[in-house]
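The values are calculated or read from the model by the stated rules, or taken from the named source; none is laboratory data. Being a predicted model, the structure only gives us computed values, none of them experimental. Here Cβ is always computed from backbone atoms with ideal geometry, including for glycine, and neighbour counts include all displayed protein chains. SASA here: full protein model, heavy atoms, side chains in, ligands and nucleic acids out. Shrake-Rupley method; radii C 1.70, N 1.55, O 1.52, S 1.80 Å.
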Amino acid sequence: METNTWTCIKKYTELQGTSGQEHRIRQAFRSDLTPRVDHVQQDGLGGIFGVKEHLDTSAPRVMFAAHMDEVGFIVTDILPSGALKVAAVGGWNPAVISSQRFSLFTKDQVYPVVSSSVAPHLLRGTGQTPQLPTVADILFDAGFMDASEAHAFGVRPGDFIVPEVATVLTANQKRVMSKAWDNRFGLVTILEALDQLQGESTPNTLIMGANVQEEVGLRGAHGAVNLMQPDIFFAVDSSAADDTAGAVGHQGRLDQGTLLRVFDPTVVMPLRLKEFLLSIAEDNHIPYQYFVPKGGTDAAAAQTELNGIPAVALGVASRYIHTHQTLWSIADFEATTAFVVAIAKALDQTNLKTIMGD
């Protein structure tokens, strides 16, 4: 991996921004996106997209969209003790929340905060055994003496709490541990693909950027699609791996290539689109794997906008998503970047008509 790529990965995975609080991510992404495209547009919720225009106005409009937000929490109440009650922003398994370091974002400041837990020995003699908590059971502690001190430090309901994690390479230098690969993966892939397309003319108007608020119901994609008016839409996203128990009967395996998401609960990949993507992967010797997950992506929102547009997700499998620590494969990231580049180079008017045909 090149140094610039690793720097970009660390930058975006260590940046912090939940759904509705994406401004730090957007500022960085806008700065990196702008010199790589002809112009940048922003939708009303805060999604931003760079456009590489084709001289022929009838050329297909091809949209690749990541999402900027990551899962986190929002403060709902400040207790008399100074501890904070929260609601989840995005999907969390309550078993992985306790005793972790977070950052608390107030209007003007950022403070360290830790999630609460009960030490097992404090349960001795009580007749209780440790139980799986709910999010409502877990408090967040910034060390304030009481509610008035928390208030004096600017803490208010509606403030955001985001995991605090450093991104590191594994010992074999083939995988990475980070937070928020769902979906800072998409941002880095978009930027890397644009770098590889510099000086290349694609047979389409290329729209590449990122939505907001994907983790809370695919909210940002609706407005973005209506603003950008694509003919076809690709969500660039990270999905949950299922390979730690062995390869047989499991999908989403690390180091096996980019994901060909043929079906999920929200999107059935159009038949001709599947054939097109298979031919692109095989003709370009890009490793891929079939994938049938249990969750959806921004492709679900995009496909029902305008008059209905072909849409599907591209991406990688990552272990332990929606937690502090995700484990993912560099080889899979590189395969997906190559896939995005190859699709952008090949998707002309003829191919689009074939994809949309009977």
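Of all beta bridges that DSSP places with both ends in the chain, some 60 percent have antiparallel geometry.
Between helix 23-33 and the chain there is an angle of about 30 degrees, using the helix long axis and the longest principal axis of the Cα atoms.
Karplus-based coupling profile of the stretch 82-93, in residue order and whole Hz: x, 6, 10, 8, 9, 10, 6, 10, x, x, 10, 7, with θ = phi - 60° in 6.51 cos²θ - 1.76 cosθ + 1.60 and x standing for Gly or Pro.
Please report the carbon-and-sulfur percent of the accessible area for the stretch 213-298; probe 1.4 Å, protein heavy atoms only, DNA, RNA and ligands left out. Heavy-atom surface of the stretch 213-298 belonging to carbon and sulfur, 1.4 Å probe: 51 percent. Residues whose amide H lies under 5 Å from that of ALA241, counting only those 5 or more places away or on a different chain, are SER318, ARG319, TYR320, ILE321; hydrogens are built 1.01 Å from N in the peptide plane. Pop out the Kirkwood hydrodynamic radius of the stretch 72-163 from its pairwise C-alpha distances, inverse of mean 1/r, in Å to one decimal. Here the Kirkwood hydrodynamic radius works out to 13.7 Å.
Solvent-accessible surface of the chain, averaged per residue with a 1.4 angstrom probe and all protein chains in place: 43 square angstrom.
Taking the 0 to 90 degree range and rounding to the nearest ten, how far is the long axis of helix 3-14 tilted relative to the main principal axis of the chain, both from C-alpha atoms? The angle comes out at about 50 degrees. Ranked by the mean number of other Cβ atoms within 10 Å of their residues, highest first, the peptides 310-316, 191-197 come out as 310-316, 191-197. Applying a DSSP loop filter and a limit of 11 other Cβ atoms within 10 Å to the trypsin sites (Lys or Arg not before Pro) in the stretch 196-300 leaves LYS294. Which pairs break 23 Å Cα to Cα here: LYS274/LYS353; LYS52/LYS353; LYS10/LYS345; LYS52/LYS294? Correct reply: LYS10/LYS345; LYS52/LYS294.
Given axes a ≥ b ≥ c from the Cα gyration tensor, I'd like to know whether the chain is rounded (a/c under 1.5), prolate (a/b larger than b/c) or oblate. Verdict is prolate for the chain.
Taking every DSSP helix (H) stretch of at least 4 residues in the chain, weighting each as -39,500 (n - 2.57) and dividing the sum by the residue count yields a mean residue ellipticity at 222 nm of -8500 deg cm²/dmol.
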